[in-house]
Amino acid sequence: MAYFNTVWDFLVAQLGPLGPYYAMGLLGLLLVLGTIPIVLNRPDDPVDRLKRQKKKNPDHGKDKAADQPTLRYKERGPNLDKFASFLEPQDQAAFSGAQLKLVQAGYRNKNAVRTMHFLQFALAIGFLIVGVLVALARIDSATMQSTLLTILIPAGVGYYLPGYWVERRRQTRQANLTEGFPDALDLMLVCIEAGQSLDQSIMRVAEEIRPGFPDLADEFLIVANEMKAGKDRVNVLRDMGERAGSQDISAFVTVLIQSASFGTSISDALRIYASEMRDKRVMRAEEKANKLPTKLTLGTMMFTLPPLLIILIGPSIYNIYVMLAVGKS
């Protein structure tokens, strides 16, 4: 800290009270200018080259490919493609982990990882600018340490705010999936016992539970569409358990896979598992009810005990204070 104080005093002596801020602004500008050549020298994507060729020759192949649907969807954020090397983890394991976390939070867009990192960068810069403005407003009475905290703390908050939002959204979504899953199992069991196949029952359950549990309905709808597209059922169910991130749904996927592997009745497996899920939901409700008195103890002590002590002991303390005052006089 002594080294920073020396540098701070030197900049103030050379450039005036705003000298350290000028130096920090110049350093940030140099960092931005240093990254521009790296971004501009990034190799072109083959898809971008094809797009440029298509713009140069718009009539080429028009007769052959007239009215044919394209195989690629139009991306909503093509402006962030040139910054992909900075806005996406280069490690495949880190990228897969971030993508899985966003999918579990309900963000299934292809560019979700890139968008989240862009928001982290943008909010960090924006909050940093706000911190600099606040520090400039109180520069006369602020020390170096308080000035640095005023600048760096908002930048850190802005950087971690998108990650905190995604984590909260992920936890809320997993709680909603766990809450609605026993009802979905009961509906699925009724559909299968009525003679419908597993694919048809999943579609029907997705339609019926959408008003109450839209996230769970989306998961079942994705499973039904992937099965219709011809994807292997085992892989589809495993992907569902991975996307949901819920222990109950992962166990349900394991039950279905084992039932299909050993050739047992799916309805019998669902009946047993649905009964266990109902019992588990009741136990979770009882657990929350048993935790409630403990959580209320702190509130009771804070809001009930102090007023009671004031009412009971307050008059005695006041009388003692009056007697002491009279005795001294």
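The values are calculated or read from the model by the stated rules, or taken from the named source; none is laboratory data. Note that the structure is a prediction, hence the values are computed from the model and not measured. Note that each Cβ is placed from the backbone with ideal geometry, even for glycine, and that neighbours are counted across all protein chains shown.
Going by the conditions given, is Ser201 without any contact (Cβ under 8 Å) to a residue 24 or more places away in the chain and over 29 Å from Val7 (Cβ atoms)?
yes
Quick one: is Asp186 under 22 Å from Val103 (Cβ atoms) and of a type in the set (Asp, Glu)?
Numbers: under 22 Å from Val103 (Cβ atoms): no; of a type in the set (Asp, Glu): yes.
For Asp186, the condition - under 22 Å from Val103 (Cβ atoms) and of a type in the set (Asp, Glu) - is not met.
Counting only residues that are of a type outside the set (A, V, I, L, M, F, W, C) and in the same structural domain as Phe127 (by TED's automatic domain parsing), give me the helices (runs of 4 or more DSSP H) lying completely in region 137-252 with at least 1 of them. Show your work before the answer.
Numbers: elements: 144-193, 198-208, 214-228, 233-244.
Filter on region 137-252 gives 144-193.
Tell me whether region 119-127 contains one or more residues that are surrounded by 15 or more Cβ atoms within 10 Å (Cβ to Cβ), under 15 Å from the mean Cα position of the chain (by Cα) and touching a residue at least 24 places away in the same chain (Cβ under 8 Å).
yes
Give just the number: which of (1) closer than 19 Å to Ile202 by Cα; (2) touching a residue at least 60 places away in the same chain (Cβ under 8 Å); (3) not aromatic (Phe, Trp, Tyr) does Ser265 not satisfy?
(2)
Select, from Lys280, Lys295, the only residue that is assigned to a helix (DSSP H, G or I) and in contact with a helix residue (DSSP H, G or I) (Cβ under 8 Å, 6 or more places away or on another chain). Before you say what the answer is, go through the steps one by one.
On the way: Lys295 fails: in contact with a helix residue (DSSP H, G or I) (Cβ under 8 Å, 6 or more places away or on another chain).
Lys280 is the lone residue from the list that is assigned to a helix (DSSP H, G or I) and in contact with a helix residue (DSSP H, G or I) (Cβ under 8 Å, 6 or more places away or on another chain).
Exactly one of these conditions fails for Gly158: (1) within 30 Å of Phe127 (Cα to Cα); (2) surrounded by fewer than 20 Cβ atoms within 10 Å (Cβ to Cβ); (3) touching a Phe, Trp or Tyr at 6+ places or on another chain (Cβ under 6 Å). Give me its number.
(2)
Are any of the residues in region 119-135 assigned to a helix (DSSP H, G or I) and in contact with an Asp or Glu (Cβ under 8 Å, 6 or more places away or on another chain)? Walk me through it before giving the result.
Quick first cut of region 119-135, residues assigned to a helix (DSSP H, G or I) only: 119-135.
The next check asks that each one be in contact with an Asp or Glu (Cβ under 8 Å, 6 or more places away or on another chain); those that pass are none.
Checked against the condition, which is being assigned to a helix (DSSP H, G or I) and in contact with an Asp or Glu (Cβ under 8 Å, 6 or more places away or on another chain), region 119-135 yields no hits at all.
Picking from Ile151, Ile125, Ile139, which residue would you name as being among the β-branched types (Val, Ile, Thr), farther than 30 Å from Leu198 by Cβ and at pLDDT 85 or above? Can you show your working first?
Working: Ile151 fails: at pLDDT 85 or above; Ile139 fails: at pLDDT 85 or above.
Exactly one residue qualifies, and that residue is Ile125.
Scan region 240-260 residue by residue and report those that are over 12 Å from Thr178 (Cβ atoms), at pLDDT 80 or above and surrounded by fewer than 17 Cβ atoms within 10 Å (Cβ to Cβ).
Taking region 240-260 first, the residues over 12 Å from Thr178 (Cβ atoms) are 240-243, 253-260.
When the remaining residues are screened for being at pLDDT 80 or above, the result is 240-243, 253-259.
The answer is Glu242, Thr254, Ile257, Gln258.
Conditions first: (1) surrounded by 15 or more Cβ atoms within 10 Å (Cβ to Cβ); (2) under 29 Å from the mean Cα position of the chain (by Cα). Arg271 passes all but one, so which condition is the exception?
Against the list (1) surrounded by 15 or more Cβ atoms within 10 Å (Cβ to Cβ); (2) under 29 Å from the mean Cα position of the chain (by Cα), Arg271 comes up short only on (2).
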